[in-house]
Amino acid sequence: MSKYLKGYKPQNGFTKISSIGDGDLKSTEFGIISLNAGQEYSAESAGSEVALIVLGGTCSVSGEGFDFTGIGKRKDVFSGKPYMAYLPCETSYTITADTDVEIAWTASPSSSRTDPYMITPEQVKEVHIGKENYQRDAYLILTEDSPSDHFFIGEAFIPSGNHASYPPHRHDADNLPEEVDMEEVYFFRFNPEQGYGIQKIYTDDRSIDYTCTVEQNDTTLIPRGYHPVINAPGYTMYYLWIMTGQNHRKFLSVIDPAHKWILG
């Protein structure tokens, strides 16, 4: 693995995949929580806001003043829209697995004390992006419509042989209404699971110019720059994308001028 690519081998309990500082990320941490039916996991959000995205299975998330039950209905990421629980800083919480369950955990430094809340599949917005061989579907989970200091979170589904995050785009600077400064993490799954894709991360000045193969359970860390990805023919690619912005949370980006002509 490299500075911008992290692997994960499924295992019981909590596995930290990336910390602040990894891949030059300043405000995003990422990991996976995997529990067997009946198992519990307890933690404290401390000085960060935390989002828990249920990848598959069903659980409850509880703590002082909140009790979210029946979170998660889909078997896996290819079987429906997600549930998500949001926890502000200084919040103790316990996850109880109703079935075998797998949860994506992400944290970002925060001092906000908004109430914990849950996002259900009915609240997740589905959008279709692109055309021709760079079309894909996306679920917008945690957007600027929900309380958070930094998070903008969604899921993308890329058909056989297609490109995503394409034409290549970046979100490196606060320059409203055209661009916002948001770093990003991608977590990949494939159907069938032996699939693979190609991720590229590059900046205008090529201070970053990185290309890698991404496979099942890989995570890429995108501190800045354009970040297109290509899916191998025959497979469906999934990636969970987690953006964190310091000052703004918006679905805005700038297209690489060299490829903007593709939009017509």
Residues that are over 28 Å from Gly7 (Cα atoms), surrounded by fewer than 15 Cβ atoms within 10 Å (Cβ to Cβ) and not β-branched (Val, Ile, Thr): does the range 154-161 have at least one? no
Filtering the range 72-118 down to residues that are over 24 Å from Tyr186 (Cβ atoms), modelled with pLDDT of 95 or more and part of a loop (DSSP other than H, G, I, E, B) yields Pro88, Cys89, Glu90, Thr91, Asp98, Thr99, Asp100, Asp115, Pro116
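Select from the range 132-153 the residues that are free of Cβ contacts under 8 Å to residues at least 24 places away in the same chain and crowded, with 19+ Cβ neighbours inside 10 Å and list them in ascending order.
First pass over the range 132-153, keeping only residues free of Cβ contacts under 8 Å to residues at least 24 places away in the same chain: 132, 137-138, 145.
Matches in the range 132-153: Ala138 only.
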Subset tally (residues that are touching a residue at least 24 places away in the same chain (Cβ under 8 Å), closer than 18 Å to His163 by Cβ and surrounded by fewer than 22 Cβ atoms within 10 Å (Cβ to Cβ)) for the range 207-224: 3
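How about the range 60-71: which of its residues are within 16 Å of Ser45 (Cβ to Cβ), in a strand (DSSP E or B) and either free of Cβ contacts under 8 Å to residues at least 12 places away in the same chain or of a type outside the set (S, T, N, Q) (or both)? Give the derivation first.
Applying the first criterion (within 16 Å of Ser45 (Cβ to Cβ)) to the range 60-71 yields 61-66, 68.
Imposing the further condition that a residue be in a strand (DSSP E or B) reduces the set to 61-63, 66, 68.
If the condition is that a residue be within 16 Å of Ser45 (Cβ to Cβ), in a strand (DSSP E or B) and either free of Cβ contacts under 8 Å to residues at least 12 places away in the same chain or of a type outside the set (S, T, N, Q) (or both), then Val61, Gly63, Phe66, Phe68 are the ones that fit.
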For the range 119-167, the count of residues that are closer than 22 Å to Asp76 by Cα and outside any loop (DSSP other than H, G, I, E, B) equals 23
State the number of residues belonging to the range 170-203 that are more than 20 Å from Pro233 (Cα to Cα), of a type in the set (D, E, K, R) and free of Cβ contacts under 8 Å to residues at least 24 places away in the same chain. 0
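Residues to consider are Lys9, Lys16; find the one that is assigned to a loop (DSSP other than H, G, I, E, B), among the basic types (Lys, Arg) and under 30 Å from Thr211 (Cα atoms).
Details: Lys16 fails: assigned to a loop (DSSP other than H, G, I, E, B).
Only one candidate qualifies: Lys9.
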Would you mind stating whether Ile208 is modelled with pLDDT of 95 or more, closer than 30 Å to Asp76 by Cβ and touching a strand residue (DSSP E or B) at 6+ places or on another chain (Cβ under 8 Å)? no
Go through the range 59-110 and report how many residues are under 15 Å from the mean Cα position of the chain (by Cα) and on the phi > 0 side of the Ramachandran plot. 0
Six or more apart or on different chains, Cβ under 6 Å: which pairs go from a residue in the range 236-254 that's at negative phi and at pLDDT below 90 to one that's in a strand (DSSP E or B) and surrounded by fewer than 20 Cβ atoms within 10 Å (Cβ to Cβ)? Could you list them? Leu252/Glu179
In the range 1-45, anything closer than 16 Å to Ala85 by Cα, of a type in the set (Gly, Ala, Ser) and exposed (fewer than 15 other Cβ atoms within 10 Å of the Cβ) is listed as Ser42
Of the conditions (1) over 14 Å from Glu155 (Cβ atoms); (2) in contact with a Pro (Cβ under 7 Å, 6 or more places away or on another chain); (3) of a type in the set (Val, Ile, Thr); (4) in a strand (DSSP E or B), Val50 clears all except one; give me its number. (2)
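Do the conditions hold for Gly56, that is, is it closer than 21 Å to Thr219 by Cα, small (Gly, Ala, Ser), at pLDDT 95 or above and within 20 Å of the chain's Cα centre (by Cα)? Give the derivation first.
Values: closer than 21 Å to Thr219 by Cα: yes; small (Gly, Ala, Ser): yes; at pLDDT 95 or above: yes; within 20 Å of the chain's Cα centre (by Cα): yes.
Here the answer is yes, as Gly56 does meet what is asked.
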Meets criteria (of a type outside the set (Phe, Trp, Tyr) and free of Cβ contacts under 8 Å to residues at least 40 places away in the same chain) for Pro257: yes
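The values are calculated or read from the model by the stated rules, or taken from the named source; none is laboratory data. If you're wondering where the values come from, they're calculated on a predicted model, not measured in any experiment. So basically every Cβ, Gly included, is an ideal-geometry build from the backbone, and we count neighbours across all protein chains shown.
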